[in-house]
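A short write-up of the structure that comes next.
The values are calculated or read from the model by the stated rules, or taken from the named source; none is laboratory data. In this text the structure is predicted, and so the values were computed from the model without any measurement. Quick reminder, even Gly has a Cβ in these numbers, built from the backbone with ideal geometry, and neighbours come from all protein chains shown. Accessible surface is based on the protein model in full, side chains and every heavy atom, while ligands, DNA and RNA are left aside. Shrake-Rupley method; radii C 1.70, N 1.55, O 1.52, S 1.80 Å.
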Amino acid sequence: MSATPAAPCLLHALNLVKTHPGAEKPAVDHLNMHLEQGEFLSILGRSGSGKSTLLHILSSLILPDAGKVLFQGRDICAAPDNERNHLRRRDFAVVFQQHHLLPYLSALENVLLPFLRGLSPITAQEQDNARRMLEKVGLSGKENSLPGRLSGGEQQRVAIARALARGARILFADEPTGSLDSVTGTSIIQLLRDLNREGLSIIMVTHNPEFASWTSRSITMGDGRTLQG
Amino acid sequence: MTLFTIPLRHAKAKWPRTLLLIAVLTLGLASMTGLHRVSGMIGESFEKKLISYGANILITPKKESLNISYGGYSLGDVSLDERPLFLGEAITAINRIPLRANIAVIAPKMLTAARISGGARQESSVAVVGVDFEQEIALKSYWEAAAGSLSSPGPDAPGEPVPALAGALAAEKLGLTPGQDLEINGRALRLGGVLRSTGSDDDSVIFVPLGLAQAMADKPGLASFIEVAALCSGCPIEDLVEQLSAALPGAETRALAQVAETRMYAVNFAQNLAFSVSLVILVTACAMLIMSMFSAVAERRREIGLMRAVGFSRARVFAVFVSEAAGMGFLSGAAGYAAGRFLSSYVLNRLQLAENAGLDFDLLNFMAVSLAAALAAALAAILPARSASRVEPAEALIAL
């Protein structure tokens, strides 16, 4: 499902600035961008162009030094810590280049991580949901496998299933194919495109122009600014 | 699956580290529980031995007296109102106090003066002390027979002369020898033995059965005073005195402070030493746990970053680390308690510090030690867990 000009704006970044401690130049420098509902946006750029920093700000993993990120009209950068935790639990989902699974939990348990509350156990409905997500990413039958027993592509699929299990509104993917071979990488992009067609909004950071061409819109970054798009 | 599945699975996956930590904590807790028990039993054993050196509580009739003096010349105290000490009632009351188990010996006395005949001297005055021989010998195991035997005085048998013991000085002055038939205030007695000199008042008196002394003093059922030997390793002597005073409102109960303090010093020394060593062990074990947890936090920064990235609050990350430490603490407490009981039994039996010291496994103590160990481990993990909860997700994930 590709975005249309009439689609409502889901995420809006205004004048973002972020300088990493010790760095001379800002990683993100007065940058503006937006994501529309149902859009698959790719952020292209060379190493050090600031694209991952931008993704981490948009997904509320880090805070900018200046600027705003509006999600459904509300500035998430000004929100308290617990509200941003909640946002990452429910509305946002992040997939990293390295799959970042807990090695001692099974594939199913890794998918269930965002559901953990404390002493109250995971419900049967949550378990079913997680199983369905694993099935959706093509991993049925591997629910009880530990990450060490899965291939790189399978691990990335588990990470995507985990990202989607709670019904996230936006999927943030930081170089999701970066550590995979080209065939596996292509299959992951294909999976993301399928998910986008089902209505999921995605922002993907990549340095691969071919993968970027599969998305509905691309922006290119250089020196922390938008060069194109 | 709950939040606590994470520490559980991590502990299982890293089993050599987990096992090593549990082993170190178990060793510490086994030493602590073992030392505590050994010191407790040594303390009790010390005290039982020390009890044989006399009483530490004295119960006397309550009396009011008036000091008479005139022109700087004292005529001494005049007793105005002395309440009798009824022996039967007193013993019943003593047996009912909550700390009765700590009382080892109850030795009542009846003092009276009498006329004695049958020795080398024809007739003389003598101080007679009526005692319960069984209790008295238990109280004064330092008594030794210079002649005759201590065990000879027994219960009165009809028709038989009443048995008696003589102090060393009294026997010498009156020319008494064991087996001799005597007459005290017209009552027939047979001297069972003569005590070796003790350097105390015991040297100058004749000991007779309590009933006889009461009859001679014309005070049936009464006692002049009661000496009590109490074991104080489990409670302060003040508690015992307080309970005895409450049980015997008509009598005066006081602790023989010097005796009690000396006794408690010996008992407390062993226990304080064990406590100090235990504290050092506990602090060392906790320090090891803290170091290990800090190193685990450093190793698991990526995991922590991931937890935070999927929406774990700082409190949840904190709970993961604290619960992992608490779990290890609980297991170590349980294993340490069991090992400590086993080791202490072995040591006590091996060194003959107690007779047939069994495991004496106490479920309540077991739970208390396990929970206390879990709490100590959780407290030790607070700083590392706090440091874990402060890991910023992006920092941890980008760094790798």
- Message: If I fit a long axis through the Cα atoms of helix A:182-197 and take the longest principal axis of the Cα atoms of chain A, what angle between them do I get, 0 to 90°, rounded to 10?
- Response: 80
- Message: Can you give the log10 of the normalised intensity I(q)/I(0) at q = 0.29 Å⁻¹, computed with Debye over equal Cα scatterers of segment B:284-335?
- Response: -1.14
- Item | Segment B:Asn349-B:Leu375, length gained on full extension (0.36 nm per residue, minus Cα span) | 6.1 nm
- Message: Quick check on packing: order B:177-189, A:196-208 by the mean number of other C-beta atoms within 10 Å, highest mean leading.
- Response: A:196-208, B:177-189
- Query: Sorted by packing (mean other beta-carbon atoms within 10 Å per residue), highest first, where do A:63-75, A:153-165 land?
  - Reply: A:153-165, A:63-75
- For the protein assembly as shown, fraction of C-alpha pairs farther apart than 42 Å, in %: 53
- Task: Over the whole of A:100-106, what's the average partner chain Cβ count within 10 Å per residue? Rounded to a whole number, please.
- Result: 6
- Rank-order B:285-291, A:79-85 by packing density, defined as the average count of other C-beta atoms within 10 Å over each peptide's residues, highest first. B:285-291, A:79-85
- Beyond 18 Å between alpha-carbons counts as too far, so tell me which of B:Lys62/B:Lys140; A:Lys18/A:Lys68; B:Lys109/B:Lys219; A:Lys25/A:Lys51; A:Lys18/A:Lys51; B:Lys63/B:Lys140 fall in that bin. B:Lys62/B:Lys140; B:Lys63/B:Lys140
- Message: What distance in nm lies between label points placed 7 Å from Cα along the C-beta direction at B:Arg17 and A:Asp194?
- Response: 3.7
- Item | Longest to shortest principal axis, alpha-carbon extents of segment B:56-253, angstrom | 51, 48, 32
- Helix A:124-136 sits at what angle to the longest principal axis of chain A, using alpha carbons and giving 0 to 90 degrees rounded to 10? 70
- Note on the structure: Taking A:Arg169, A:Arg89, B:Arg83 and ranking on accessible area (1.4 Å, protein atoms only), highest first, one gets B:Arg83, A:Arg169, A:Arg89
- Note on the structure: Taking Cα atoms, the helix A:152-164 axis meets the longest principal axis of chain A at an angle in degrees (rounded to 10) of 80
- Which semi-axes, in whole Å and largest first, does the equivalent ellipsoid of chain A have when worked out from the alpha carbon gyration tensor as the square roots of 5 times its eigenvalues? 28, 20, 17
- Message: I need the calculated FRET efficiency for the pair A:His30 and A:Val183, taking r as the beta carbon distance and R₀ as 51 Å, to the nearest 0.05.
- Response: 0.80
- Enter the accessible area of B:Lys219 (Å², nearest 10), with the probe set to 1.4 Å and all protein chains included. 100
- Cα-based Debye curve of segment B:273-400 sampled at q = 0.15, 0.18 Å⁻¹ gives log₁₀ I(q)/I(0) of -0.76, -0.94
- Counting only other chains, what is the mean number of Cβ atoms within 10 angstrom of the Cβ of each residue in peptide B:306-319? 6
- Item | Accessible-area ranking of B:Trp143, A:Trp214, B:Trp15, largest first, probe 1.4 Å | B:Trp15, A:Trp214, B:Trp143
- Message: With a 1.4 Å probe and all protein chains kept in place, how do A:His56, A:His86 rank by accessible area, largest first?
- Response: A:His86, A:His56
- Task: Would you please classify the overall shape of segment B:67-151 from the alpha carbon gyration tensor, given that a ≥ b ≥ c denote the square roots of the eigenvalues, rounded means a/c under 1.5, and beyond that prolate means a/b larger than b/c while oblate covers the rest?
- Result: oblate
- Query: Roughly what % antiparallel, to the nearest 5, for the DSSP beta bridges in the protein assembly as shown?
  - Reply: 70
- Applying the Karplus parametrisation 6.51 cos²θ - 1.76 cosθ + 1.60 with θ = phi - 60° to the phi angles of segment B:136-141, what ³J(HN,Hα) value in whole Hz is obtained for each residue in order, glycine and proline being reported as x? 5, 5, 5, 6, 10, 6
